Structures are given as structure tokens and as C-alpha cells.
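In what follows, a structure is listed as C-alpha cells, so that the remarks can point back to it.
The values are calculated or read from the model by the stated rules, or taken from the named source; none is laboratory data. As the structure is a prediction and not an experimental result, all values here were calculated from the model. Positions of Cβ are generated from backbone atoms using ideal geometry, with glycine treated the same way; all protein chains shown enter the neighbour counts. Only protein heavy atoms, including side chains, enter the accessible area calculation; ligands, DNA and RNA are left aside. Shrake-Rupley method; radii C 1.70, N 1.55, O 1.52, S 1.80 Å.
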Amino acid sequence: MLSQSVASELREAISAGEFQPGEQLSEVKAAERFHCSRNTLRESFTRLAAERIVERIPNRGVFLATPDADYIRDLFAARAAIEPAAVRWGEFADAPSLVTLTSSAFDYAARGEHQEVSAINQRFHRTLVAALGSPTLNEQMDNLLARMRLTFLLAIPRYPQLHADHIQGNITLATLIADGKRLEAATLSHDSLMNTCEKILAVLDD
């Protein structure tokens, strides 16, 4: 279905940081970018609204969501249900590559390339969920990562080291997975996500 494909492309663009929280989406520009009719685009917006990535404001248009405390808690609760399960039960054909991936973020952080650090972190978490081999959960993770990006964009001006501060934790998690310590890794995954949630809420509450 074309509307589903367009919704997927929009999620990816949001995950890549191409839009800001609260930004209005122009139907004309979006239809041109994704080579679709405005009716198809509206169907895509309906799907994304159900996923809480965008919101429709009557007589004004469609806007990217602006995460509040309830939105952020819900987001992290969902991640804390899915990701530790993936860490515990997923099939990792090349677990040591996770250590290599997460460690590579240090070089980018040292050069101040925070977008690359964010991309590596995102790739790592996406890979964790993909290890479960579930297309349904992969789609859910795409949704969660798009919502995550909107949350990060709000927090980073007040917490610039947000992504860099998670590098060592990701390396530790990847190492536990590579060493076969799955239960310990799952506990770390859960606790890290919930701690990050509380830290972001505290930063945004200042």
C-alpha cells in the first residue's frame, strides 16, 4: 500500500532529524517529496497520528508531535518492554560486531560529530530488536525511534552530551550480549532505558 510506504519514509526522515518537534508539515511539499497524491499523504498522516508521531489540529493542519512528560514515559515504557526481551531472546549471528559498532561512536564523539553518534546509537538499538526476527516489532521500533528523535531534539539543547553519555553503556551492553550473559544484559537494558527516561524528564523540567 502506497500510504504505508509513504508513512515509512516519513518515519525515517523524522528519525534522521529532518523535522523538528511541533513543526507543521506542508501537504504540498510532502506530496512533491514523496511523489504521491495529497489523498495518499493524508492516509499516511492518519497512520502517523495513530502512532503519536504527528497530530492533526483542526483548521490548522498536521504538526509533528511535541513530546510532554506522559508521552516520554509511554515511549520509554514501550522500549523497556521490547528491547530487554530482544537482548534476552534475540538471535545475534555476529554478536561481536555489536561491540565494534558501539565502540566506533567514541571516535565521532571526540570530533564533535554528535549526529553520527546518534546514528550509531540508533542503529544499535534497531539491531537489538531486529534480532527477534519479527516484522511487526521492527515496524514498532521504527515508530518508537521516530518518537525518540522528537524527544531527543527537545532535550539536547539542555543536555548536549545526551548521545555521548550513552556510548559506554551501549558498549557494556553489547559486550554482555557477545559474552552470552543475556540475563545480565537484559537487566542492564531495562535499567538503562528507565534511567534515561528519568534523566530526560528532569532536564526538560528545569
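Listed residues 134, 44; which is surrounded by 15 or more Cβ atoms within 10 Å (Cβ to Cβ) and not assigned by the TED database to the domain that holds residue 170?
Details: 134 fails: not assigned by the TED database to the domain that holds residue 170.
After ruling out the rest, the residue left standing is 44.
Screening the candidates 31, 49 for the property of being open to solvent by less than 50 Å² (accessible area, probe 1.4 Å) and either at pLDDT below 90 or of a type in the set (D, E, K, R) (or both) yields one hit, 31. Among the residues making up the stretch 141-152, a single one is open to solvent by 20 Å² or more (accessible area, probe 1.4 Å) and of a type in the set (A, V, I, L, M, F, W, C): 152. Under the condition of being without any contact (Cβ under 8 Å) to a residue 12 or more places away in the chain and farther than 23 Å from residue 152 by Cα, the residues counted in the stretch 76-105 number 4. Looking across the stretch 110-121, the residues that are touching a Leu at 6+ places or on another chain (Cβ under 9 Å) and either of a type in the set (D, E, K, R) or buried (at least 19 other Cβ atoms within 10 Å of the Cβ) (or both) come down to 118, 120. Checked against (1) surrounded by 15 or more Cβ atoms within 10 Å (Cβ to Cβ); (2) of a type in the set (A, V, I, L, M, F, W, C); (3) under 24 Å from residue 122 (Cα atoms), residue 69 passes all but a single condition, namely (1).
On the stretch given as the stretch 153-191, residues that are assigned to a loop (DSSP other than H, G, I, E, B) and buried (at least 19 other Cβ atoms within 10 Å of the Cβ) total 2. Applying the criterion of being touching a residue at least 24 places away in the same chain (Cβ under 8 Å) and hydrophobic (A, V, I, L, M, F, W, C) to the residues of the stretch 46-58, the residue that is farthest from residue 139 (Cα to Cα) is 54. Exactly one residue out of 131, 178, 146 is on the phi < 0 side of the Ramachandran plot and over 18 Å from the mean Cα position of the chain (by Cα), and it is 178. If the condition is being open to solvent by 20 Å² or more (accessible area, probe 1.4 Å) and within 21 Å of residue 120 (Cβ to Cβ), then the stretch 192-206 contributes 192, 195, 199.
Checking each residue in the stretch 2-28 for being of a type in the set (A, V, I, L, M) and surrounded by 14 or more Cβ atoms within 10 Å (Cβ to Cβ) picks out 2, 6, 7, 10, 13, 14, 16, 25. For first residues located in the stretch 18-29 and closer than 16 Å to residue 148 by Cα, partners that are in a loop (DSSP other than H, G, I, E, B) and open to solvent by 40 Å² or more (accessible area, probe 1.4 Å) and lie 6+ apart or on another chain with Cβ distances below 8 Å form the pairs 21/66; 22/66. Of everything in the stretch 76-109 that is β-branched (Val, Ile, Thr) and closer than 15 Å to residue 123 by Cα, the residue that is surrounded by the fewest Cβ atoms within 10 Å (Cβ to Cβ) is 100.
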